[in-house]
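What follows is a short report on a single structure.
The values are calculated or read from the model by the stated rules, or taken from the named source; none is laboratory data. Note that this is a predicted model, so its numbers are computed, not measured. A quick note on method: Cβ atoms are made from the backbone with ideal geometry, for glycine too, and the neighbour counts reach across all protein chains shown.
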Ligand SMILES: Nc1nc2c(ncn2[C@@H]2O[C@H](COP(=O)(O)OP(=O)(O)OP(=O)(O)O)[C@@H](O)[C@H]2O)c(=O)[nH]1
Ligand SMILES: [Mg+2]
């Protein structure tokens, strides 16, 4: 998945378009002795061109989103509540409608006597009003597209040869781990949802290529219909970007979340992944006694069937093991290609 060019796109909402249109129309001055009707036709033509070009820009952006891959398409749905296809159909309809209104306005103006200035002005205003209302009626939708594009512009470049997503509940140490495995500098904090979007770091392994490690927001043990947009980014990264997931557990009796909650989220992550490999890491072992560690690791292993790798992202304990494991997966992938 490539970070699409759509991160550079800009679309105007209704009030921005209104202001832009007003400024463009102000610049159109009548020529010496120009027929008033002709002048107003020129103005309405210009207004139509501005609105049509704005609608086309929006359409182009939507088509880019449509072709940007499953991650961006599904993220669009999370932000707007509709598919990008539904938006495309709607904008195409509005482009057609704008053309018809413009044609109507020109015909009306043509049929008027040049001397009936007031009538000409009223017809011009009716035309502009109808053209603008096409845009105004979809303003809520455009605002959502703008929010989506803003979010996309913050997304990291995740192109690489092997994509690893760090997942788990909030506060298990995902960002700390990323900061230790790569040169990325994610925000690390002692409150849940410190990470609100995807953050990428890289491990370059010559001559095999680039491992991209994506730090994701925490996922809670809640039903899918209660997920917020922040959690969705993690879910979509797991679903559409990951070649491999490193699932982190962390636990002390005073931790925010129980082991059972972490096991429940693990199960839902596994379902999202299908056949993709998953590595379980038990983090923050520096906080535990040997007996505690054995007890918790034993419970995880018995419930998941996978032996966790004990680490401390904070002290760096056992991080080499994770690094080497990821490198071996990259090598394996390259061998198979
Ligand atoms: N003792 C100890 N603390 C750790 C370790 N790893 C992370 N922490 C601390 O745990 C807290 C959360 O760490 P983060 O790396 O921000 O956790 P996260 O999983 O990214 O959290 P969210 O972004 O909220 O999902 C921070 O205060 C870290 O310093 C560890 O191995 N040992
Ligand atoms: Mg984080």
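Need the failing condition index for residue 88 against (1) part of a loop (DSSP other than H, G, I, E, B); (2) surrounded by 14 or more Cβ atoms within 10 Å (Cβ to Cβ), just the number.
(1)
Could you tell me which residue of segment 112-122 is farthest from residue 40 (Cα to Cα), considering only residues that are touching a residue at least 60 places away in the same chain (Cβ under 8 Å) and not in a loop (DSSP other than H, G, I, E, B)? Let's see the steps before the verdict.
Going residue by residue through segment 112-122, those that are touching a residue at least 60 places away in the same chain (Cβ under 8 Å) are 112, 114, 117, 120-121.
With not in a loop (DSSP other than H, G, I, E, B) added as a condition, the list becomes 117, 120-121.
Values: 117: 10, 120: 8, 121: 8 Å.
Among them, the one singled out is 117.
Identify, please: which residue in segment 23-57 is surrounded by 11 or more Cβ atoms within 10 Å (Cβ to Cβ) and without any contact (Cβ under 8 Å) to a residue 12 or more places away in the chain and is, among those, nearest to residue 114 (Cα to Cα)? Lay out the reasoning, then the answer.
Taking segment 23-57 first, the residues surrounded by 11 or more Cβ atoms within 10 Å (Cβ to Cβ) are 24-25, 28, 30, 34-52, 54-57.
Still in the list and also without any contact (Cβ under 8 Å) to a residue 12 or more places away in the chain: 30, 34, 38-39, 49.
Working: 30: 15, 34: 11, 38: 9, 39: 11, 49: 24 Å.
The extreme case among them is 38.
Exactly one condition in (1) in contact (Cβ under 8 Å) with a residue 40 or more places away in the chain; (2) crowded, with 19+ Cβ neighbours inside 10 Å; (3) more than 8 Å from ligand 1 (Cβ to nearest atom); (4) closer than 30 Å to residue 335 by Cβ is false for residue 210; which is it?
The number of the failed condition is (2).
For residue 92, state whether it is more than 14 Å from the chain's Cα centre (by Cα) and in contact (Cβ under 8 Å) with a residue 12 or more places away in the chain.
Values: more than 14 Å from the chain's Cα centre (by Cα): yes; in contact (Cβ under 8 Å) with a residue 12 or more places away in the chain: yes.
Yes; evaluated as a whole, the condition is true for this residue.
Do you know which residues across segment 275-299 are more than 16 Å from ligand 2 (Cβ to nearest atom) and under 18 Å from residue 219 (Cα atoms)?
Residues of segment 275-299 that are more than 16 Å from ligand 2 (Cβ to nearest atom), as a first pass: 275-280, 282, 285-299.
Answer for segment 275-299, where residues must be more than 16 Å from ligand 2 (Cβ to nearest atom) and under 18 Å from residue 219 (Cα atoms): 278, 279, 280, 282.
Can you confirm whether segment 178-187 contains a residue that is buried (at least 20 other Cβ atoms within 10 Å of the Cβ), over 15 Å from residue 243 (Cβ atoms) and near ligand 1 (Cβ under 6 Å from one of its atoms)?
no
Scan segment 213-235 for residues that are more than 19 Å from residue 313 (Cα to Cα) and more than 12 Å from ligand 1 (Cβ to nearest atom) and jot them down.
Step one: list which residues in segment 213-235 are more than 19 Å from residue 313 (Cα to Cα), which gives 219-235.
Across segment 213-235, the qualifying residues are 221, 222, 223, 224, 225, 226, 227, 228, 229, 232, 235.
Taking residue 327, is it crowded, with 17+ Cβ neighbours inside 10 Å and in contact (Cβ under 8 Å) with a residue 60 or more places away in the chain?
Numbers: crowded, with 17+ Cβ neighbours inside 10 Å: no; in contact (Cβ under 8 Å) with a residue 60 or more places away in the chain: yes.
So residue 327 fails the test.
Is it the case that residue 146 is over 20 Å from residue 44 (Cα atoms) and in the same structural domain as residue 76 (by TED's automatic domain parsing)?
Working: over 20 Å from residue 44 (Cα atoms): yes; in the same structural domain as residue 76 (by TED's automatic domain parsing): yes.
Yes, satisfied.
In segment 188-203, is there at least one residue being touching a strand residue (DSSP E or B) at 6+ places or on another chain (Cβ under 9 Å), more than 16 Å from ligand 1 (Cβ to nearest atom) and not assigned by TED's automatic domain parsing to the domain that holds residue 50?
Looking only at segment 188-203, we keep the residues that are touching a strand residue (DSSP E or B) at 6+ places or on another chain (Cβ under 9 Å), and these are 195, 198-203.
Right, trim to more than 16 Å from ligand 1 (Cβ to nearest atom) and you get 202-203.
Keeping just the survivors that are not assigned by TED's automatic domain parsing to the domain that holds residue 50 gives 202-203.
Yes, because at least one residue in segment 188-203 is touching a strand residue (DSSP E or B) at 6+ places or on another chain (Cβ under 9 Å), more than 16 Å from ligand 1 (Cβ to nearest atom) and not assigned by TED's automatic domain parsing to the domain that holds residue 50.
Does segment 189-207 hold any residues that are surrounded by 18 or more Cβ atoms within 10 Å (Cβ to Cβ) and over 30 Å from residue 335 (Cβ atoms), and which are they?
195
Please state which of the following conditions residue 274 fails to meet, knowing it meets all the rest: (1) over 31 Å from the mean Cα position of the chain (by Cα); (2) modelled with pLDDT under 95.
(1)
Just one of (1) farther than 27 Å from residue 328 by Cβ; (2) within 16 Å of ligand 1 (Cβ to nearest atom); (3) surrounded by 19 or more Cβ atoms within 10 Å (Cβ to Cβ) trips up residue 246, so point out which.
So the condition that residue 246 fails would be (1).
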